[in-house]
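*Asks:* There's a structure below that I have some questions on.
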Amino acid sequence: RPPTVTDVVISHGPIVRGRKTVIEAGELRFPHGSVIGLIGGNGAAKTTLLMGIAGLLTRQPDMDVGGNSGHGVGYLDQHPALPAWLTAREVFRLYSVGDELLERLESFGMKQHFDRRVGTLSPGQRQLLGALLILTLNCPLTLLDEPLSALDMQRRRQLLELIRDRRLSRDNCATLLSSQVPADLYETCDYFVVIRVGSYAFLGSKAEFLPPGGGSLQDFEARALALMGS
């Protein structure tokens with residue numbers, strides 16, 4: 001169908017790593033404000049897709065990211081490359097989001113770490129710092145590559161709540177979220193993208209993904225596994 005003014009549309013040519021095409025050409029389409037779950041097994045090229053959308057590949061495919069909110073894309077790597085010699089407070093000032101982000105970080109129990117150098121923080125603390133930073137920037141499209149993998153249970157729950165809240169904000173930001181934990185995606189996302197053997201096995205809403213009338217977490221896992229293949 002033709003795009004509407006409420007759609008984010010990502011069209012791309014074949015994505016190549018080395019001499020191999022890891023994802024065939026495709027088009028992703030979803031409403032602004034939605035949270036989209038990216039599903040695929042290890043090595044399915046989820047990270048490669050996110051890097052391609054963000055424009056970070058050496059051999060960049062033909063890529064068009066369009067929609068009525070503009071072309072701003074924010075990307076969070078699994079291991080955020082924040083300047084190790086700066087403190088958390090200085091990193092926030094670098095991106096001109098100091099006060100707002102400091103308040104948000106305090107709500108995550110991180111106040112005592114404001115003036116520690118980033119290089120001295122634990123992997124989970126650095127990951128949380130990067131996730132809160134990218135979400136506070138409110139890009140029209142935010143790409144989150146396994147943003148919860150190093151977080152403890154409490155901060156994981158808080159960050160998922162923050163991602164869910166984006167659907168209710170007036171900023172109309174879309175979020176593409178990769179995770180290997182089915183419950184994270186089932187409870188948080190309203191659209192899904194499934195990658196299988198270099199192509200898209202599913203693109204659609206949660207209602208289309210689950211059985212008629214809805215479904216349980218177990219139904220979600222079974223559907224995801226069937227689409228991903230072996």
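The values are calculated or read from the model by the stated rules, or taken from the named source; none is laboratory data. Just so it is clear, the model here is predicted, and its values are computed rather than measured. Here the Cβ positions follow ideal geometry from the backbone for every residue, glycine too, while neighbour counts run over all protein chains shown. Ligands, DNA and RNA are excluded from the accessible area calculation, which covers all protein heavy atoms including side chains. Shrake-Rupley method; radii C 1.70, N 1.55, O 1.52, S 1.80 Å.
*Asks:* Please go through the stretch 204-224 and pick out each residue that is under 22 Å from the mean Cα position of the chain (by Cα) and either under 14 Å from residue 190 (Cβ atoms) or surrounded by 14 or more Cβ atoms within 10 Å (Cβ to Cβ) (or both).
*Replies:* 204, 205, 206, 207, 208, 209, 210, 220, 221, 223, 224
*Asks:* Still on this structure, I have one more. Quick one: in the stretch 23-51, of everything that is of a type in the set (Val, Ile, Thr) and touching a helix residue (DSSP H, G or I) at 6+ places or on another chain (Cβ under 8 Å), which residue is nearest to residue 140 (Cα to Cα)?
*Replies:* If we filter the stretch 23-51 for residues that are of a type in the set (Val, Ile, Thr), which is where we start, we get 23, 35-36, 39, 47-48.
From what is left, the residues that are touching a helix residue (DSSP H, G or I) at 6+ places or on another chain (Cβ under 8 Å) are 23, 35, 39.
Numbers: 23: 24, 35: 12, 39: 21 Å.
The selected residue is 35.
So that you can scan it fast, the table gives a plain yes or no per residue for (1) within 16 Å of residue 80 (Cα to Cα); (2) in a loop (DSSP other than H, G, I, E, B):
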| residue | (1), (2) |
| --- | --- |
| 147 | yes, yes |
| 150 | yes, yes |
| 161 | no, no |
| 167 | no, no |
| 172 | no, yes |
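*Asks:* When you scan the stretch 117-135, do you find a residue that is open to solvent by 30 Å² or more (accessible area, probe 1.4 Å), part of a loop (DSSP other than H, G, I, E, B) and of a type in the set (A, V, I, L, M), even just one?
*Replies:* Looking for residues that are open to solvent by 30 Å² or more (accessible area, probe 1.4 Å), part of a loop (DSSP other than H, G, I, E, B) and of a type in the set (A, V, I, L, M), one finds none in the stretch 117-135, hence no.
*Asks:* Given (1) in contact (Cβ under 8 Å) with a residue 24 or more places away in the chain; (2) under 29 Å from residue 183 (Cα atoms), identify the lone condition not met by residue 81.
*Replies:* So the condition that residue 81 fails would be (1).
*Asks:* For residue 173, work out the one condition from (1) modelled with pLDDT of 90 or more; (2) open to solvent by less than 10 Å² (accessible area, probe 1.4 Å) it doesn't fulfil.
*Replies:* Of (1) modelled with pLDDT of 90 or more; (2) open to solvent by less than 10 Å² (accessible area, probe 1.4 Å), only one is false for residue 173: (1).
*Asks:* Please specify each residue of the stretch 35-64 satisfying the condition of being more than 22 Å from residue 210 (Cα to Cα), in a strand (DSSP E or B) and touching a Leu at 6+ places or on another chain (Cβ under 6 Å).
*Replies:* none
*Asks:* I'd like the full set of residues that are open to solvent by less than 40 Å² (accessible area, probe 1.4 Å) and within 13 Å of residue 41 (Cβ to Cβ), limited to the stretch 180-200.
*Replies:* Passing the criteria: 194, 195, 198.
*Asks:* Within the set of pairs 6+ apart or on separate chains, which have a first residue in the stretch 141-158 that is touching a residue at least 24 places away in the same chain (Cβ under 8 Å), a second that is among the charged types (D, E, K, R) and part of a loop (DSSP other than H, G, I, E, B), and C-beta atoms under 6 Å apart?
*Replies:* 145/77
*Asks:* If you don't mind, another one. Given the criteria of a type in the set (Val, Ile, Thr), at pLDDT 85 or above and within 21 Å of residue 176 (Cβ to Cβ), does residue 35 qualify?
*Replies:* Working: of a type in the set (Val, Ile, Thr): yes; at pLDDT 85 or above: yes; within 21 Å of residue 176 (Cβ to Cβ): yes.
For residue 35, the condition - of a type in the set (Val, Ile, Thr), at pLDDT 85 or above and within 21 Å of residue 176 (Cβ to Cβ) - is met.
*Asks:* Only residues that are at pLDDT below 85 and open to solvent by 80 Å² or more (accessible area, probe 1.4 Å): list them for the stretch 61-92, please.
*Replies:* Selection gives 62, 64, 68, 71.
*Asks:* Output the residues belonging to the stretch 15-34 that are outside any strand (DSSP E or B) and open to solvent by 70 Å² or more (accessible area, probe 1.4 Å). Give the steps one after another, and end with the answer.
*Replies:* At the first step, the residues of the stretch 15-34 found to be outside any strand (DSSP E or B) are 18-19, 24-25, 32-34.
Selection gives 19, 24.
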